[in-house]
There are 2 protein chains.
Amino acid sequence: MTRKRTTIKDVSVLAGVSVSTVSRVLNSSGPISEDTRKLVESAATQLKYQPNPLARGLVNQQLGGIGVMVPWIAGPYFGVFLEGIQRVLRETDYRLVVASGQGNRDNEQETLAYLLNNDADGVIYYGERLSAADLEQINPHMKPVVVMGQDPAELPNNIGIDDELGAYLATRYLIDHGHSEIAHISGDPHTHVTRSKLAGYQRALSQAGLPYRSGLVVSSNYTEPGGYQAALKLLAGPAFTAIFCGNDQMAMGSYQALRDFNKRIPEDVSMVGFDDILFSRYMHPALTTVRVPIYEMGMAAASTVLRLLDRTHQEVRSVLEPQLIVRHSVLNLKPTPP
Amino acid sequence: MTRKRTTIKDVSVLAGVSVSTVSRVLNSSGPISEDTRKLVESAATQLKYQPNPLARGLVNQQLGGIGVMVPWIAGPYFGVFLEGIQRVLRETDYRLVVASGQGNRDNEQETLAYLLNNDADGVIYYGERLSAADLEQINPHMKPVVVMGQDPAELPNNIGIDDELGAYLATRYLIDHGHSEIAHISGDPHTHVTRSKLAGYQRALSQAGLPYRSGLVVSSNYTEPGGYQAALKLLAGPAFTAIFCGNDQMAMGSYQALRDFNKRIPEDVSMVGFDDILFSRYMHPALTTVRVPIYEMGMAAASTVLRLLDRTHQEVRSVLEPQLIVRHSVLNLKPTPP
DNA sequence: ATGAAAGCGCTAACAG
DNA sequence: CTGTTAGCGCTTTCAT
């Protein structure tokens, strides 16, 4: 706030050249003699010159930010996602502008629109509430948008893992360990992730010749308290020996409910989660779960916007395969190990 | 990327006035007749005009962002902090630009400098690695900087809770429940938070006439694996019946270590944590801990930068008092309840 | 009360 | 290879 920052003009004066020459060497645009280049460069370093991003953006028509919209910034899942994004963005000149929609649709829409208008040259949207049409409407300039957590079939630039496969793996693992009454704590049935997981659960069941029993499936909301409530509901219904939980946070809540009802894990109830958040390994017993490479997904999402923004950006090779992480929350019901 | 966005010029043409008039009504600067005001306003709405923040910033000399530098974006503690910041920033036109230093000093310094130069009109720095002098050096324009997690005595605009008091409360609680061999898992002894907590621990001890025994204190790094290792070290030393843990994440790791050595919590070892992160209540047994109002601290930090930026901004009334949350990880050793 | 014009700092033709 | 000039979109004197 004190003295003016040094401008390109200052550099040009010190170097004894015109501003356009300075601009040329700084951006390596246009031809420059070796002598003047050095001259300018030393002048710039000497003055610690930093181009004004506003002026630059004004002429280049770019805001300079990548906007990210997640339901919550906090939380074990999205935090890691953001970290992945930041990891690739830090190699660029784009800044990371984050916003959270707090699970509110109007809020999401408004904030995303604001982001697109004021802050971002491209956005990453992790959520299900806004459809392709919604997004198009708030994005009149057709800036790159990558969407996470929606059906790849319906949206372009959608990044995700194969949730169906993950759920299949989880359920299959339970079946292989002799479980046949397998409950499922699910999410909002209107969303793609939830449906995919349900589908994977069902596929494993039917493949093993096990019936699908709707009384064993309860919807919740992917939070710890939600998982707690869901487990309570399950406990009041038909008997089961295992739960496949839609995410680890709900598994955490379920653990609590199970303990409150004196059910031992895994002796009385086995449990498999989804996501493999950091804390899963510290649960007691350590949670067997499906690992989702959320950090890598953040990197992939960021790389994708960057690539959409600039054809020369390298695509990051990212394995977006879910993988079962075996820990100690599943009891083997079979006499011989599978 | 397709058609140009509408500019103030477009609005002025539609309204049949000059651009300066439009600017005046939009910013309520200068006198305007009621008629032209309405005229301009309707033209603006009709065109869905959004001022270009770059052009605006260029003339007003403001970047438009509040930069936040935390060690990690992910994680149960800083995520909530960021959420608090976002909460107050969303009421303003400032964007939230986040960066993480990944625990690397040079990285922090460089990134913070970059933020100050390119993105932010003010920054919030949560960390201990950069001193007042370091900060001053990278902040030639004297932009507002609020610092978290350092000694309030040494830095202006420092926001924090009374860690010493929190630690005192925790240790005192243990003592009141009949514990006298109380171990402490600490952090980097060079940092202010860690020293404060240690001081609170010592004060409670000496106040109760209990000796301070250095063999019962081990330093770690505030992570889960760090807590695990620290507990292991403790287990190899003198006997103790309780641990006061520098934060909940290390408590989580300690739980694991204790279980690995067949120590029951709280029957064999009682535990008190610090922070009250979301997961603490889901630990088994639920962790008794010192609640740090980190969300509110985020809000307070943001309000403070805003106030520094603009004298008219209201200061948020925030209670930054630590508070003991009693759950089930402490065994009462006394015959009668305290 | 309103308009004309200068200028924020930078890039990109256009000349030379 | 380098300098001059015209904007980018907006705010703000300075006139009127």
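The values are calculated or read from the model by the stated rules, or taken from the named source; none is laboratory data. Since the model is a prediction, treat every value here as computed from it, not as a measurement. For neighbour counting, all protein chains shown are included, and Cβ atoms are generated from backbone atoms with ideal geometry for every residue, glycine included. Just the protein is used for accessible areas: all its heavy atoms, side chains included, with ligands, DNA and RNA removed. Shrake-Rupley method; radii C 1.70, N 1.55, O 1.52, S 1.80 Å.
Here the mean projected area of the convex hull built on the C-alpha positions of the stretch B:8-60 is 3.4 nm².
Taking GluC sites (Glu not before Pro) as candidate sites, keep only those in a DSSP loop with at most 11 other Cβ atoms within 10 Å, then name the longest stretch of chain B containing none of them. Answer - B:155-266. In this simple spin-label model, placing a label point 7 Å from the Cα along the Cα-to-Cβ direction at both B:Val326 and B:Val59 gives a separation of 6.3 nm. Set against the 2.2 N^0.38 Å expectation for a compact globular protein, the stretch A:163-292 has a Cα radius of gyration ratio of 0.91.
Across the identical copies, the 7 Å label point of A:Ala286, projected outward along Cα→Cβ, sits 2.7 nm from its counterparts, in ascending order. Averaged per residue, the stretch A:83-211 has 38 square angstrom of accessible surface, using a 1.4 angstrom probe with ligands and nucleic acids left out. DSSP beta bridges fully contained in the stretch B:163-292 are about 0 percent antiparallel. Rolling a 1.4 Å probe over the protein heavy atoms gives the stretch B:8-60 an accessible area of 59 Å² per residue.
Per the Debye calculation on the protein assembly as shown with a single equal scatterer at every Cα and no solvent contribution, log₁₀ I(q)/I(0) for q = 0.07, 0.11, 0.12 Å⁻¹ amounts to -0.55, -1.19, -1.32. A simple spin-label model places pseudo-atoms 7 Å from Cα toward Cβ; at A:Asp93 and A:Ala132 they are separated by 3.4 nm.
Position A:Gln323: other-copy label points at 4.3 nm, ordered by increasing distance, label point 7 Å along Cα→C-beta. Under the criterion of Cα pairs below 8 Å and six or more residues apart, the relative contact order for chain B equals 15 percent. For the stretch A:249-282, a reduction of at least 40 Å² in accessible area between the chain on its own and the assembled protein chains (probe 1.4 Å) is found at A:Met252, A:Gln256, A:Arg259, A:Phe279, A:Tyr282. Within the stretch A:222-285, the chymotrypsin sites (Phe, Trp or Tyr not before Pro) that combine a DSSP coil assignment with at most 14 other C-beta atoms in a 10 angstrom radius are A:Phe261. In the stretch B:127-152, the residues that give up 50 Å² or more of accessible area when the other protein chains are added, compared with the chain on its own (1.4 Å probe), are B:His141.
Pairs exceeding 29 Å between alpha-carbon atoms, taken from A:Lys48/B:Lys4; A:Lys9/B:Lys143; A:Lys38/A:Lys143; A:Lys197/A:Lys334; B:Lys197/B:Lys233; B:Lys263/B:Lys334: A:Lys48/B:Lys4; A:Lys38/A:Lys143. DSSP finds beta bridges in chain A, and of those with both partners inside it, around 10 percent are antiparallel. A helix-only calculation puts chain A at -12500 deg cm²/dmol for mean residue ellipticity at 222 nm, using -39500 (n - 2.57) for each DSSP H run of at least four residues, averaged over all residues. Element breakdown for chain B at a 1.4 angstrom probe: carbon and sulfur atoms account for 52% of the accessible area. Multiplying each eigenvalue of the alpha-carbon gyration tensor of chain B by 5 and taking the square root yields semi-axes of 52, 19, 17 Å, largest first, rounded to whole angstroms. Can you list the residues in the stretch B:61-97 whose accessible area drops by at least 40 Å² when all protein chains are present, compared with the chain alone? Use a 1.4 Å probe, heavy atoms only. Relative to the lone chain, where solvent access is computed with a 1.4 Å probe, the stretch B:61-97 loses at least 40 Å² at B:Leu63, B:Ile73, B:Ala74, B:Glu83, B:Gln86, B:Arg90, B:Arg95, B:Leu96. Computed from protein heavy atoms with a 1.4 Å probe, the total accessible area buried between A and B is close to 5100 Å². Label-point distances for A:Thr36 to the equivalent site in the other copies, using a point 7 angstrom along Cα→C-beta, read 4.5 nm when ranked shortest first. Among beta bridges from DSSP that stay inside the protein assembly as shown, the antiparallel ones total about 10%.
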